[in-house]
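*Asks:* Here it is: the structure, laid out below.
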Amino acid sequence: MSDMPILRLGTRRSPLAMAQAEEARARLCAAHGWDVGSVELVPVIASGDKIQDRPLADIGGKALWTRELDMWLAEGRIDASVHSMKDVETIRPDEISFGAILPRADKADVLLGAASIAAIAKGAKVGTSAPRRAAQLLHARPDVEVVGIRGNVATRMAKLAAGEVDATFLAGAGLSRLGEDGVGVRLDPEAWFPAPAQAAIGIECRTSDERTAEVLSAIDHAPSRQEVMAERALLEGLGGTCHSPIAVLTVRSGDIIEMRAQIFSPDGAHRVEGEAHFAPDDTAAAIALAHDLLARAPDAVAINFGQSL
């Protein structure tokens, strides 16, 4: 075993974040023939983990997941940081680059507490703090009540078990990474679109750090990177924030990316849909789709977009 780690990998402390960091470490060690001690996991407590009683959008948005790791990266206390890509702000500092996007897992949401969206009892309390899930649910089921809940996977499952809510949603990929594959009912992504970049793990490093960038490039999964960057381009074109209900499904068809997107009013009353087919690196096409959606959006939808992150 090496005395000094070859790479220091920063991660949030939540069980899911640690599981994702373990996956990143395993892939790095396999790709480079290293033993497990060559990659040190450095846990950081993120602001988003400290504040659990308010919606993320009300306390600083996605930056709460990245701020501390960005600081440690800038200070050289870590060489790279692991993130859930759906939690990373659309606009990132020039000093930081994505060294790798790992192979994307199942993009689907999982419903807990009911057999389907249609089977949720009338008037039921459904727990979610995600504007996308709330708007999608209220669009399909305006008769239910959305209750804001935050916390990690175990916390949300405990609130459901305690009867604080009648149903809730979790990302299938997160459950799988925690060994909870059998929990809940998988919602077909073709009918219930996921969040942008859902189920993707990204690893960032300093843009100036060529050694770490080269090390990370060995585990970069090009098809997943192309999907994620296309979805982030859509977000950028929409000017989406943590308050913006955005759902998108991207699938590969040969050498073409097929992107279908939906934007909503927060109450679910209005939905605007669109799609585009384009070459994998044509982020301009994803931005054009965003502009098309906004051009057709009523004020109740458009008011939630168009602000820079």
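What follows is calculated from the coordinates using simple rules that are stated; it is not laboratory data. Because the structure is a prediction, the values reported are computed rather than measured. Here Cβ is always computed from backbone atoms with ideal geometry, including for glycine, and neighbour counts include all displayed protein chains.
*Asks:* Set the Förster distance to 51 Å, then compute FRET efficiency between ALA284 and ALA118 from the Cβ-Cβ distance, nearest 0.05.
*Replies:* The formula returns an efficiency of 0.85 here.
*Asks:* Let me ask something else. With label points built 7 Å along Cα→Cβ from the Cα atoms of ASP188 and GLU164, find their separation and express it in nm.
*Replies:* 3.3
*Asks:* Can you put LYS107, LYS122 in order, fewest other beta carbons within 10 Å first?
*Replies:* If I rank by nearby Cβ atoms, fewest first, I get LYS122, LYS107.
*Asks:* Tell me the relative contact order for the range 108-183 as a rounded percent, counting alpha carbon contacts under 8 Å between residues six or more apart.
*Replies:* 43
*Asks:* Next question, about the same structure. What's the exposure ranking of VAL36, VAL146, going from fewest to most Cβ atoms within 10 Å?
*Replies:* On the way: VAL36 14, VAL146 22.
By the 10 Å Cβ count, ascending, the order reads VAL36, VAL146.
*Asks:* Over the range 181-291, what is the mean sequence separation of C-alpha contacts under 8 Å (at least six apart), divided by residue count, expressed as relative contact order in percent?
*Replies:* Over the range 181-291, the number comes to 26 percent.
*Asks:* Report the relative contact order of the chain, percent, no decimals, based on alpha-carbon pairs under 8 angstrom and at least 6 residues apart. Intermediate results must be reported in sequence, preceding the final value.
*Replies:* Values: 641 pairs, mean separation 63.3, N = 309.
Relative contact order, the chain: 20 percent.
*Asks:* List ASP79, ASP292 from most exposed to least, where exposure is judged by having the fewest other Cβ atoms within 10 Å.
*Replies:* Numbers: ASP79 25, ASP292 16.
Ascending Cβ contact count within 10 Å gives the list ASP292, ASP79.
*Asks:* In whole Hz, with x marking every Gly and Pro, tabulate ³J(HN,Hα) for the range 255-266 from phi via Karplus 6.51 cos²θ - 1.76 cosθ + 1.60, θ = phi - 60°.
*Replies:* 9, 10, 8, 9, 10, 10, 10, 9, 10, 10, 7, x
*Asks:* A further question follows. Please compute P(r) over all alpha-carbon pairs of the range 222-309, binned at 10 Å starting from zero, and give each bin as a whole-number percent.
*Replies:* Result returned by the calculation: 19, 53, 24, 4.
*Asks:* Still on this structure: So if each residue of separation counts as 0.36 nm, and I subtract the Cα-Cα distance between ALA222 and HIS277, what length gain in nm does that give?
*Replies:* Between ALA222 and HIS277, full extension yields 18.0 nm more.
*Asks:* While we're on this one: Rounded to the nearest 5, what is the percent of antiparallel bridges among the DSSP beta bridges in the chain?
*Replies:* Looking only at bridges with both residues in the chain, the antiparallel portion is about 70 percent.
*Asks:* For the range 61-124 and the range 152-190, write down the distance between their C-alpha centroids in whole Å.
*Replies:* 16
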